[in-house]
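No value in this document is a laboratory result; all are computed from the given coordinates. Note that this is a predicted model, so its numbers are computed, not measured. Here the Cβ positions follow ideal geometry from the backbone for every residue, glycine too, while neighbour counts run over all protein chains shown.
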Amino acid sequence: MSPGPKISVVMPTFNCAPRMARHLEAMAKWSDLAHEIIVVDSRSSDGTLELIQAKLRHPRLRIIVRDRGLYESWNEGIAATTGDWIYISTAGDTIEREHLVHLRDLGERAEADVVISAPSFVDEAGAPCTDPGWPPGKIIAASGEDGPFMLNARAAFLQAFMHFPCAILGSSASNLYRGDHLRPRPFPADFKGAGDSVWILHHAARSRVCFTPAIGSTFCIHAKADDTDIQGRLRLLAKLSEERTQTLARLGLNCEPARLLIEHHQLADEVQAVNRGRRQLWHKTPRTGSNFLAWTSLTMTYLRKRAAVKASRRRIQRLLMGREGVIPVADRG
């Protein structure tokens, strides 16, 4: 185990045996840094747990078996930790030894609650994938900093609000959480796979959020079971939109960026609605001339509104990433 502040590792698993062999191989290169490793398995039936029991070695390994539940598993593992820092090692997502040490040391130096880094992206075979444009990379690029930096409370919340329902956390397997900060703040479990997005929306304004441009982790892009459930996704988006509105009202934030963000999200919601309409018209049968004209009109509206959303995002980023919002870690004394 590494001297200094202790790192607890939480590894939630469910039927991920195809990714687990490579995952455990990567873990073996840094597992001695861990104060403890807590595996939370949701009754896997594909040999995941047996593979872990055969391959994972650590003097403070604990395995919890529970019913299925994504963030419920995360939260049970987090609640069982005792370390100063918590790393969530999700199946197929890897981190380099030096990067884990960097995140911990940076967190200590910056007195951060959350240390965020952008991952590189791979497929299930480990081959590089195109960066899908996640928020951490955008925020780091917009900061103008070439080293680690903090966001002040207002900038952190507004960044979380602007990118929502995407999470400015990116992948938790690329980040580190202060144990005393995360344990009393469990991830919301009733938003399917968006619990981390809602978590940072709720807590960004009361968290010391640190970003580092260093990249030393990977995120595995793989198909999800509910990717084809279009109606379910629409219901989730509506629920997330309501949560966004309620969170802003609860915090009572009243400033120019907040007003611009409300307008931005209203426009983004309009873009989604218009895009759904044009897609429905495209697939409507029989294909008549009037349907094609209606589709053409909606497509022009969609392109115009999408351009307005991009311009709005750029304007807000200029407001959020001013010098008062970004605090280089080296300047913290």
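Phi angles across the stretch 295-310 convert, under the Karplus curve 6.51 cos²θ - 1.76 cosθ + 1.60 with θ = phi - 60°, into 3J(HN,Hα) values of 5, 4, 5, 5, 5, 5, 5, 4, 5, 5, 5, 5, 5, 5, 5, 5 Hz, Gly and Pro given as x.
Straight-line cross-link partners of Lys29 among the lysines, defined as a Cα under 27 Å from its Cα and at least 8 positions apart when in the same chain: Lys6, Lys55.
GNM remark for the chain: springs join alpha carbons under 10 Å apart, and the peak mean-square fluctuation among Pro165, Pro59, Pro18 falls on Pro59. Within the same chain, lysines fewer than 8 places from Lys192 are excluded, and of the rest, those with a Cα less than 28 Å from its Cα are Lys138, Lys224, Lys239, Lys310.
Normalising the average separation of contacting C-alpha pairs (under 8 angstrom, six or more residues apart) by the number of residues puts the relative contact order of the chain at 20 percent.
The phi torsions of the stretch 30-36, fed into the Karplus equation with coefficients 6.51, -1.76 and 1.60 and a -60° offset, translate into couplings of 9, 4, 5, 6, 7, 6, 7 Hz, rounded to whole numbers, with Gly and Pro shown as x. Both numbers refer to the Cα atoms of the stretch 114-153; Rg and Dmax are 12.6, 39 Å.
Charged neighbours of Gly83, selected by a Cβ distance under 12 Å, balance to +2 (K, R count +1; D, E count -1).
A straight chain from Leu70 to Ala189 at 0.36 nm per residue would run longer than the Cα-Cα distance by 42.1 nm.
A convex hull fitted around the alpha carbon atoms of the chain yields 146 Å³ per residue. Each label point was placed 7 Å from the Cα along the Cα-to-Cβ direction; for Ala21 and Asp180 their separation is 4.4 nm. In the stretch 1-148, a dipole from Cβ-located charges (positive for Lys and Arg, negative for Asp and Glu) runs towards its positive end, and of Val115, Ser31, Ile64 it is Ile64 whose Cα lies farthest in that direction.
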